[in-house]
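The values are calculated or read from the model by the stated rules, or taken from the named source; none is laboratory data. Because the structure is predicted, anything quoted here is derived from the model rather than measured. With ideal geometry, Cβ positions are generated from the backbone for all residues, glycine too; neighbour counts draw on all protein chains shown. Just the protein is used for accessible areas: all its heavy atoms, side chains included, with ligands, DNA and RNA removed. Shrake-Rupley method; radii C 1.70, N 1.55, O 1.52, S 1.80 Å.
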Amino acid sequence: SHGAATLTSPGKTPGDRSRAGRCGAEGDRAEDLMSLRTALSDLFNERTNYDFIGRTRRWFVLSGVVIAIGLASLGLRGLVFGIDFEGGTAWQLETAKAKGKPSVAEVRDVIKPLGLDTAKVQVLGNNGIRVQFEHVDRDLQDKVRDALANYAKVKAPDVSVSDVGPTWGSEVSRKAAQALAVFLLAIAGYLSWRFEPKMAGAALAAVVHDILITVGVYSLSGFEVSPATVIAFLTILGFSLYDTVVVFDKVDENVSRISAVGGETYSALVNRSLNEVLMRSLNTSFVALLPVASMLVVGSYLMGALVIRDFALALFIGLLTGAYSSVFIATPVLAWWKEREPRYRTLRSRIEGRSLTTPTPVPEMADSESTGSIARPPAAEEVIAPRARKRRRH
């Protein structure tokens, strides 16, 4: 009994403590739910105050790791270019339902006696077959077609043959590179005219970021790069720049208030601008990703419409990285660059110096009714100093 007395508090049974524990857990869950509701309400009503710029190093390290992995894969494995870029001959067909799902090994055994030992063989969906090899003459094309038709239990005309010469492939590659160069130059010129050259440079840094990540994903996954991929690529770069322009437009709108108030650094202003357009950016990205995800998952993989796979995959990857880079790459780069201008460097020094001193006491406002004069509001410097100290503590 003595041992039991030492383990049990006077007036409280184990059942009481169990109920108290349950009540405490329920209280914690209710508090977490309330915090989540408050956070969502702040996000929806644009009252967030996330410190994006203060965590710039974290975003850059994350992007750097992803880009480094992609570049390593690119150096070791390279990219899988489609026939339109490399040139060659491709055979594509669908096996009969009675044949069942084709096998890569079986297809290789069929074409090996014809000298196509190193051909690239792909199984598309449940019953599709694609064989790609270097350019061959018409007689060998017909022999391969007949062998594949016999294997798949279909008629020879059901096997489509595409033949692209090396000159055409190099021409497509050259035009794709030219289209990308013209795109970047046009965007740089427009952003420099609409905003300023440093904003154009920050936006192009985000575009390069998106290009490197997308190329790295394609190298890691082994998906084929086709003309549809290039079209989707240019589309997603346009979306990424649209999201960046939305943020930069808000920054440009708020930048005039620095000289008017004099109590906010350029980084703080950029951070505030990001919070003001955060909900819009999330809504735009989410709405854009929904149909692309449907096209990729439902259309390409569930319904077997593989002709749209390359296009949908490039769009999905690009929209995702574009939404990320607009907030976490382009804007931090802009803030870092602008903070090195003499004007904003001096402003930061003045604000940081002011935050280390005791603010001047605010004189009591005169009674406008007794003196007949308007009460003087506190000066900007008298209000900003406590706010600056608060930000410094955090």
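Note down all Cβ pairs under 6 Å where the first residue falls in region 185-207 and is without any contact (Cβ under 8 Å) to a residue 40 or more places away in the chain and open to solvent by less than 50 Å² (accessible area, probe 1.4 Å), the second is in a helix (DSSP H, G or I) and of a type outside the set (A, V, I, L, M), and they're at least six residues apart or on different chains. Sorted first by the residue in region 185-207, then by its partner, the pairs are A200/S192. Apart from one condition, V110 fits all of (1) touching a residue at least 60 places away in the same chain (Cβ under 8 Å); (2) surrounded by 16 or more Cβ atoms within 10 Å (Cβ to Cβ); the exception is (1).
Is at least one residue of region 36-44 at pLDDT 85 or above, surrounded by fewer than 15 Cβ atoms within 10 Å (Cβ to Cβ) and part of a helix (DSSP H, G or I)? The answer is no, given that none of the residues of region 36-44 is at pLDDT 85 or above, surrounded by fewer than 15 Cβ atoms within 10 Å (Cβ to Cβ) and part of a helix (DSSP H, G or I). Among the residues of this structure, K143 does not count as one that is of a type in the set (D, E, K, R) and over 23 Å from G88 (Cα atoms).
From the list T48, T6, the one residue that fits, being out of contact with any His (no Cβ under 6 Å at 6 or more places or on another chain), assigned to a loop (DSSP other than H, G, I, E, B) and either surrounded by 13 or more Cβ atoms within 10 Å (Cβ to Cβ) or at pLDDT below 80 (or both), is T48.
Only one entry in S281, S273, S219 is at pLDDT below 80, open to solvent by less than 50 Å² (accessible area, probe 1.4 Å) and either more than 17 Å from K338 (Cα to Cα) or touching a helix residue (DSSP H, G or I) at 6+ places or on another chain (Cβ under 9 Å) (or both), namely S281.
The residue list L71, L76 contains one member that is open to solvent by 80 Å² or more (accessible area, probe 1.4 Å), without any contact (Cβ under 8 Å) to a residue 24 or more places away in the chain and not β-branched (V, I, T), which is L76. The conditions of being at pLDDT below 85 and within 28 Å of V292 (Cα to Cα) are not met by I213. On the stretch given as region 67-108, residues that are in a loop (DSSP other than H, G, I, E, B), touching a strand residue (DSSP E or B) at 6+ places or on another chain (Cβ under 6 Å) and either hydrophobic (A, V, I, L, M, F, W, C) or at pLDDT 90 or above (or both) total 1. Could you tell me whether region 156-163 includes any residue that is open to solvent by less than 40 Å² (accessible area, probe 1.4 Å) and at pLDDT 85 or above? Yes: one or more hits.
Can you find a residue in region 236-247 that is farther than 30 Å from N275 by Cβ, at pLDDT 80 or above, among the β-branched types (V, I, T) and open to solvent by 30 Å² or more (accessible area, probe 1.4 Å)? No.
Where helices (runs of 4 or more DSSP H) sit wholly within region 109-226, those with at least 1 residues that are under 33 Å from the mean Cα position of the chain (by Cα) and over 20 Å from E86 (Cα atoms) occupy 166-194, 197-221.
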